[in-house]
Protein chains: 4
Amino acid sequence: MRIGAQTKGVYTIAPTPFQADGRLDWASVDSMVDFYASCGVDGMTILGIMGEAPKLDATEALDLVRRVVGRTRLPVIVGVSAPGFAAMRSLARASMEAGAQAVMIAPPPSLRTDDQIVGYFGNACEAIGGDIPFVLQDYPLTLSVVMTPQVIRRIVTENPSCVMLKHEDWPGLEKISQLRGFQSDGSMRPISILCGNGGLFLDFEMARGADGAMTGYAFPDMLVDVVKLAACGDRDKAHDLFDAHLPYLRYEQQQGIGLAVRKYVMMKRGAIACDAQRKPGSVLSPVARGEVDYLLERLSLRDPRARLGG
Amino acid sequence: MRIGAQTKGVYTIAPTPFQADGRLDWASVDSMVDFYASCGVDGMTILGIMGEAPKLDATEALDLVRRVVGRTRLPVIVGVSAPGFAAMRSLARASMEAGAQAVMIAPPPSLRTDDQIVGYFGNACEAIGGDIPFVLQDYPLTLSVVMTPQVIRRIVTENPSCVMLKHEDWPGLEKISQLRGFQSDGSMRPISILCGNGGLFLDFEMARGADGAMTGYAFPDMLVDVVKLAACGDRDKAHDLFDAHLPYLRYEQQQGIGLAVRKYVMMKRGAIACDAQRKPGSVLSPVARGEVDYLLERLSLRDPRARLGG
Amino acid sequence: MRIGAQTKGVYTIAPTPFQADGRLDWASVDSMVDFYASCGVDGMTILGIMGEAPKLDATEALDLVRRVVGRTRLPVIVGVSAPGFAAMRSLARASMEAGAQAVMIAPPPSLRTDDQIVGYFGNACEAIGGDIPFVLQDYPLTLSVVMTPQVIRRIVTENPSCVMLKHEDWPGLEKISQLRGFQSDGSMRPISILCGNGGLFLDFEMARGADGAMTGYAFPDMLVDVVKLAACGDRDKAHDLFDAHLPYLRYEQQQGIGLAVRKYVMMKRGAIACDAQRKPGSVLSPVARGEVDYLLERLSLRDPRARLGG
Amino acid sequence: MRIGAQTKGVYTIAPTPFQADGRLDWASVDSMVDFYASCGVDGMTILGIMGEAPKLDATEALDLVRRVVGRTRLPVIVGVSAPGFAAMRSLARASMEAGAQAVMIAPPPSLRTDDQIVGYFGNACEAIGGDIPFVLQDYPLTLSVVMTPQVIRRIVTENPSCVMLKHEDWPGLEKISQLRGFQSDGSMRPISILCGNGGLFLDFEMARGADGAMTGYAFPDMLVDVVKLAACGDRDKAHDLFDAHLPYLRYEQQQGIGLAVRKYVMMKRGAIACDAQRKPGSVLSPVARGEVDYLLERLSLRDPRARLGG
């Protein structure tokens, strides 16, 4: 299955499992991939920001790609953002050779003007080769690069291999509407739009025209259900399920410690053996763990998948 | 009632009501103040970031202070953040003369090092005069100034007139715990901590030791209830009420368009006559209004105060 | 004499003279204006960034405008940059009524995309009124707003009252060439381009097509000479004079302490009585003063105007 | 010769020579190293910001280290700044094994508070190993991380392997004085301070207590002379030579296009065969080349080393 403008569903953003001493935890890579498959996701994105990608060296990154691709038949997207195009190209081409389906590129924080942003993606596309489909990551909150819908349209138009938007502008609902409007008025070819931001607005993003989610929420099975409910027009049920998760989801969505929360819950769900991050990383205090446990307990009253024990 | 380290409860952040043409809407100032009083808030903060303070000129700002103070017996805090100390001093002293109880100061975005931040508040305090109690605003997401708990302790220690923290770091729960820890170990004198961020974490902030909320959520009556429930230890009930509001609260909490949402709902609640902002402002699309209406409708099933008609 | 697209020469950026205790020093305002006139400048810009404008309150700012305008027949441009349009409008209109010839507007640091920047100046122009000629300030190093030549063209095209660019992008030589190219190819109407950055590239800026300088270098008489020499094609002589000043000019051009250097030398030249800044300001250490004195002494061997005594 | 707190002199920052098509130009690496040796420099720093380090992939970076180290007996410092510690460690350890003498580390732009900065260097030092001497790079203009002298002292004190500061804060003269003051009052152990910023303030930095220069100015032989003249107390002569270079030096020191200027002049001096940069890079316009040629011609009247032909 090719990643393309028609892609729909849930592509989970996978964390990178480490052991307590910072080494990669290969057994947990396997169990995590299996966990995601069992949740019904449509694909996986690895080596994203949440995947602690910059903390891996070049060899480790490629080893991870190979391990994940070798473990699953689901399509895998590889984050290849890098400070320079040589490293980006190396990882992109090696990943595709290893069996990945597409790559994802975020803009470096130094970009400011519209032309700088458009120029950057033209160069990036040239560097990795126009034969590799790529996902454009739009994440101003963390990357401090603001792309207008018009800039996204220019990037899509100038680079045929740009097939998908990882949408996590905030606020971003109007942006989805505007991009879909560009498609309607014929000024932009269709692209797939998958939404991030931990899923915080997924309930409305689907109604605005998103194709699904690309985020790392620790209950990807909920995302799968919400996307399906939205797709078949069951708006109220989609909101009911979403709202049940929202108190915990919001907690997980905190910048800075969100990944610690997420890994902790994934550990509780058996997806990974250890919730450690490589340095510099965040750690949950005992009080924070208690808060998470409390939220899960409350959630479990409405969604039994959150019944995870003490 | 003096604002001081012992202050508890809900201080609502008030928007500034405008007419459609951008003129101040004095009748709505009155009705808004009455609305807040009827919600049971403990005080009001005007001319904050959400109050579009920088869009008023010096005369308008002071007129607003006088109008609000003249309308209510509740304590009023006035945001006096300004690019320079002369304007800050002018507004601070005139506001106190007009009957305000305290002022609030945010750091300018250019500050970087710990010493720059501490130095700034020392200068600000000297400029307005040490006799005016002030609230320290800690809001890195918008202001891009990051204050560690240690920096806050230095500011509190060096400036006796700093009596309260408007806490809206994100994430921020551990910060509250750390500051309360400083009080426990005797390294910082007590201060009042009221939380912002639209209330997004109020349920847990209270358990961490916050004294209440200082935010502009369009249902301050809910904030009042949650703070009371938390204060009397009714944790589950506090969460139940909070969770019911969370789907809408999260929507209102979006950067950039949050104020448009808030004013729209306050207009629906009869607090103000018009939801216009002065330029540059954000406007709700018809689709967005529909989303808000839908959220309110769902909320009204659990909290009748959200039953606001079409 | 109207400020317009045809304006040429040297418009000095004037500091605001304070007394040691922070009060405005009106006598020094007068002597400073006289000093500038004696240097042969073509006009003055007051209340710019270097004029510590944000440190004045609204009343002081307008008093300063009146005092300067009342003291000279030279055209005066007033910096009216403000966090909001109400204050900008108030100062702009009152300044023009007082006899100023134009205003200057810098973009707020929060602007990012091309459309945000263009939109801002459209709103600003509407706020102050299209009858007031304005100078567009392009100063990315300090303001962190990056305007491409295309964005400047859009602003110029959409706002007929935009008649001048205060050019201080860095690097900026190609930008001048591009803007003049827009005029040549008919895609932009002519504007005046006066250059800032302390004059650090004035020698080449003139050859690129600049109309002169708008900067606060403590020897505006040198700027006047260089602009004249360049205008009559005496390139080598222009560089000779410029190079003689460069060691000191570079020292004065340091961010953060440049204003302290400048006021110190203006005090030595008798233009102002005191080199104090309002808080927060920078202060020269005794070692730094010694370095400045040494540079002036060396300069005086080639330009007698720098012979200022101990 | 070990790099350590006693290190003095000129460590040139070396660019990375590329061919026109973007491939590494190994012959030019050799000729460049020979050129630097002939200029009398005391050492070289490779893979710095100006060395386009992020544009090389991991293999190329290490190949460059080996080539340079194999070509010279001068001590070589390797920039190992990286988005993560795994890549930093890999390059640092492999570089030392290859014969490098020390590494250089710049802080990532996301750091804000004093504690974050100090913590980062503690982690970095732990990652590369305490046995590798490292140079702390302090370059706020480009990196947007502001380190107070107190923060530098903490880093030096907590990490015995921090032996040198690459000083390029701007303004920075007082900072050198403060750091040397810390050494005098016994609160900080001695470190070597070499200055960057293209040499723009080298004349005064030496008098403030710097040990020399670490910058990539295209005439390192001038830097060598100025450092020697300053070291033997010949202040006026040092300034005379420095001032002769300043008009061109200032031109080379422009952000963004400075490297293009530098490579162009190094090509003219025969150090490298081609002045190309890898994408994204800057290119000199014909007008800019003419400006540089003009500046060199003027310089050659005072320093024959600048007589480089058409």
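Specify the residue that is nearest to C:GLN277 (Cα to Cα); the eligible residues are those in the range C:45-74 that are among the polar types (S, T, N, Q) and out of contact with any Phe, Trp or Tyr (no Cβ under 7 Å at 6 or more places or on another chain).
To start, the set of residues in the range C:45-74 that are among the polar types (S, T, N, Q) comprises C:45, C:59, C:72.
Now restrict to residues that are out of contact with any Phe, Trp or Tyr (no Cβ under 7 Å at 6 or more places or on another chain): C:59, C:72.
On the way: C:THR59: 18, C:THR72: 24 Å.
So the residue we want is C:THR59.
Which of the following residues is outside any helix (DSSP H, G or I) and farther than 23 Å from A:TYR139 by Cα: A:ALA238, A:ALA230, A:ALA244, A:ALA271? If you could, list the steps in order and put the result at the bottom.
Working: A:ALA238 fails: outside any helix (DSSP H, G or I); A:ALA230 fails: outside any helix (DSSP H, G or I); A:ALA244 fails: outside any helix (DSSP H, G or I).
Answer to the check: A:ALA271.
Within the range C:192-207, can one find any residue that is under 30 Å from B:ALA86 (Cβ atoms), modelled with pLDDT of 95 or more and part of a loop (DSSP other than H, G, I, E, B)? Scanning the range C:192-207, I find at least one residue that is under 30 Å from B:ALA86 (Cβ atoms), modelled with pLDDT of 95 or more and part of a loop (DSSP other than H, G, I, E, B), so the answer is yes.
Within the range A:55-70, track down each residue that is in a helix (DSSP H, G or I), surrounded by fewer than 21 Cβ atoms within 10 Å (Cβ to Cβ) and touching a Gly at 6+ places or on another chain (Cβ under 9 Å).
At the first step, the residues of the range A:55-70 found to be in a helix (DSSP H, G or I) are A:55, A:58-70.
This time we only want the ones that are surrounded by fewer than 21 Cβ atoms within 10 Å (Cβ to Cβ), so: A:58-60, A:62-63, A:66-67, A:70.
Once the filter is applied, which keeps residues that are in a helix (DSSP H, G or I), surrounded by fewer than 21 Cβ atoms within 10 Å (Cβ to Cβ) and touching a Gly at 6+ places or on another chain (Cβ under 9 Å), the range A:55-70 yields A:ARG66, A:GLY70.
Taken together, the residues in the range B:24-54 that are outside any helix (DSSP H, G or I) and hydrophobic (A, V, I, L, M, F, W, C) amount to 5.
For (1) at pLDDT below 95; (2) of a type in the set (A, V, I, L, M, F, W, C), each residue gets a yes or a no:
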position: D:ASP115; (1), (2): no, no
position: D:ALA127; (1), (2): no, yes
position: D:PRO140; (1), (2): yes, no
position: D:LEU143; (1), (2): yes, yes
position: D:VAL146; (1), (2): no, yes
position: D:ILE155; (1), (2): no, yes
position: D:PRO160; (1), (2): no, no
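Please indicate, with yes or no, whether at least one residue in the range C:277-286 is crowded, with 21+ Cβ neighbours inside 10 Å and part of a helix (DSSP H, G or I). No: the range C:277-286 contains no residue that is crowded, with 21+ Cβ neighbours inside 10 Å and part of a helix (DSSP H, G or I). Taking first residues from the range A:287-310 that are free of Cβ contacts under 8 Å to residues at least 40 places away in the same chain and partners that are among the hydroxyl-bearing types (Ser, Thr, Tyr) and assigned to a helix (DSSP H, G or I), the Cβ contacts under 6 Å between residues at least 6 apart in sequence or on separate chains come to A:ARG307/A:SER300. Of all residues in the range A:52-70, those being of a type in the set (Asp, Glu), touching a strand residue (DSSP E or B) at 6+ places or on another chain (Cβ under 7 Å) and more than 9 Å from chain D (Cβ to nearest Cβ) number 0. Only one of the listed residues (C:ARG307, C:ARG250) is under 29 Å from D:SER177 (Cβ atoms), modelled with pLDDT of 95 or more, away from chain D (no Cβ under 14 Å) and more than 16 Å from the chain's Cα centre (by Cα). That residue is C:ARG307. Would it be correct to say that D:VAL283 is among the β-branched types (Val, Ile, Thr) and either closer than 18 Å to D:GLY198 by Cα or touching a Phe, Trp or Tyr at 6+ places or on another chain (Cβ under 9 Å) (or both)? No: the conditions fail for D:VAL283.
Applying the set (1) in contact with a Ser or Thr (Cβ under 8 Å, 6 or more places away or on another chain); (2) away from every other protein chain (no Cβ under 14 Å) to C:ILE49 leaves exactly one unmet item: (2). Taking the range D:141-179 as the range and being touching a strand residue (DSSP E or B) at 6+ places or on another chain (Cβ under 8 Å), in a helix (DSSP H, G or I), buried (at least 22 other Cβ atoms within 10 Å of the Cβ) and within 12 Å of chain C (Cβ to nearest Cβ) as the test, only D:ILE176 passes. Scanning the range D:182-212 for residues that are within 18 Å of D:THR148 (Cα to Cα) and of a type in the set (Asp, Glu) turns up D:ASP185, D:GLU205. The number of residues in the range C:7-23 being assigned to a loop (DSSP other than H, G, I, E, B) and within 18 Å of C:VAL103 (Cβ to Cβ) comes to 3. Within the range A:12-46, being within 14 Å of chain D (Cβ to nearest Cβ) and within 15 Å of the chain's Cα centre (by Cα) holds for one residue alone: A:THR16. Would you confirm whether any residue within the range B:272-285 is at pLDDT 95 or above and under 18 Å from B:ASP221 (Cβ atoms)? Yes - at least one qualifying residue is present in the range B:272-285.
For the range C:1-25, which positions are in contact with a Lys or Arg (Cβ under 6 Å, 6 or more places away or on another chain) and loosely packed, with under 15 Cβ neighbours inside 10 Å? Selection gives nothing. Quick check on this structure: which one of D:ASP234, D:ASP225 is surrounded by fewer than 19 Cβ atoms within 10 Å (Cβ to Cβ), at pLDDT 95 or above and more than 9 Å from chain C (Cβ to nearest Cβ)? None of the other options fit; the residue is D:ASP234.
Just one of (1) in contact (Cβ under 8 Å) with a residue 60 or more places away in the chain; (2) under 21 Å from C:LEU165 (Cα atoms); (3) among the small types (Gly, Ala, Ser) fails for C:GLY40. It is (2).
For A:LEU295, indicate whether it is within 30 Å of D:PRO83 (Cβ to Cβ), assigned to a helix (DSSP H, G or I) and more than 8 Å from every other protein chain (Cβ to nearest Cβ). So that I can check it myself, show each step before the final result.
Working: within 30 Å of D:PRO83 (Cβ to Cβ): no; assigned to a helix (DSSP H, G or I): yes; more than 8 Å from every other protein chain (Cβ to nearest Cβ): yes.
The answer is no for A:LEU295.
Per the conditions (1) more than 10 Å from chain B (Cβ to nearest Cβ); (2) farther than 23 Å from B:PHE242 by Cα, the sole criterion not satisfied by A:SER282 is (1).
The values are calculated or read from the model by the stated rules, or taken from the named source; none is laboratory data. Bear in mind the structure is a predicted one, so any value in this text is a computation, not a measurement. Don't worry about glycine lacking a Cβ; one is built from the backbone with ideal geometry, like all the others, and counts go over all protein chains shown.
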